[in-house]
Amino acid sequence: MLIDSHCHLEYKGLVEDREGVLARARASGIGGFLNISTRQSEWDQVVATAAREPDVWASVGIHPHEADAHADLGEGVLRAATEHPKVIAIGETGLDYYYDHSDRATQQALFRMHIAVARRTGLPLIIHTRDAEADTAAILREEMDQGAFPALIHCFTASAEFAQTVLALGLTISLSGIVTFKNAADLQAVARALPADRILVETDAPFLAPIPNRGKVCEPAFVADTARFVADLRGVTIEELTATTTDNFFALFRKARA
């Protein structure tokens, strides 16, 4: 059973045919889906889908693009949203200096608030980072010094050095369809070297469809293509990669076991 550890089932491209999307994924051997939120207005939707579908879980959080619009979001509001039994993660959150859709100081403050909630609740933090390696690493180091918390870097595209930094801090790394792209040699080298117990696979659907589906709207079913590619990279069978990533998912997202 493969798990798509990061998808956006409420986004345009999937929500119009969500039942069909889930059916096609299940037929492809996908047995679990973590439905990710990026703004407060999505929380009720992702939780409702998770409550309705036994193999879907939800996250609650604020994407760095949305930081300016949520600058006053209180820690208590986020903590309260994590109490639903199907909410198993916090995020996605983090830093995005590529687009700079929100003020960097506001992104950083909101990132630290999410970390505080992850530390207090024990729920894993789902981190988005783009063109912000140095600040992401610095914040993670500073916050870990104040008390450990579980976390992962989703849709990893950063350097090998950053991978070593976050692995040393105890984080997990999730690979998306980008790893299958022909121009992703550096990322493929990172994927080969990842410790077996720190690797997840995801789609980030409806974005970033892997080869051989590049150019299409990405669906959770396509995580199987990414998993096969990563298995080949690492010299293991797809069955081994599936078992490893599924075990890793439940080890990290402990609330999902219930």
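The values are calculated or read from the model by the stated rules, or taken from the named source; none is laboratory data. Everything numeric here is computed off the predicted structure, so don't read it as measured data. Glycine also receives a Cβ, built like all others from the backbone with ideal geometry; neighbour counts cover every protein chain displayed.
Of the residues screened, G170 is one that is within 17 Å of the chain's Cα centre (by Cα) and surrounded by fewer than 19 Cβ atoms within 10 Å (Cβ to Cβ). In region 2-18, the residues that are among the charged types (D, E, K, R) reach residues that are in a strand (DSSP E or B) and surrounded by 24 or more Cβ atoms within 10 Å (Cβ to Cβ) with C-beta atoms within less than 8 angstrom, at least six apart or across chains, in these pairs: D4/I30; D4/F33; D4/L34; D4/V201; D4/A205; E10/N35. Of all residues in region 229-245, those that are closer than 20 Å to R214 by Cβ have Cβ atoms under 7 Å from Cβ atoms of residues that are surrounded by 16 or more Cβ atoms within 10 Å (Cβ to Cβ) and hydroxyl-bearing (S, T, Y), 6 or more apart or on another chain, in F229/T180.
Quick check on region 68-114: of everything there that is under 18 Å from the mean Cα position of the chain (by Cα) and basic (K, R), which residue is surrounded by the most Cβ atoms within 10 Å (Cβ to Cβ)? Residue satisfying both the conditions and the ranking: K86.
Out of S28, S41, one residue alone is surrounded by fewer than 20 Cβ atoms within 10 Å (Cβ to Cβ), over 25 Å from A209 (Cα atoms) and of a type in the set (S, T, N, Q). It is S41.
Residues in region 180-196 that are more than 26 Å from K216 (Cα to Cα) and either among the polar types (S, T, N, Q) or outside any helix (DSSP H, G or I) (or both): L194, P195.
Only one of these is surrounded by fewer than 22 Cβ atoms within 10 Å (Cβ to Cβ), under 20 Å from the mean Cα position of the chain (by Cα) and modelled with pLDDT under 95: R192, R257, R228. Name it. The unique qualifying residue is R257.
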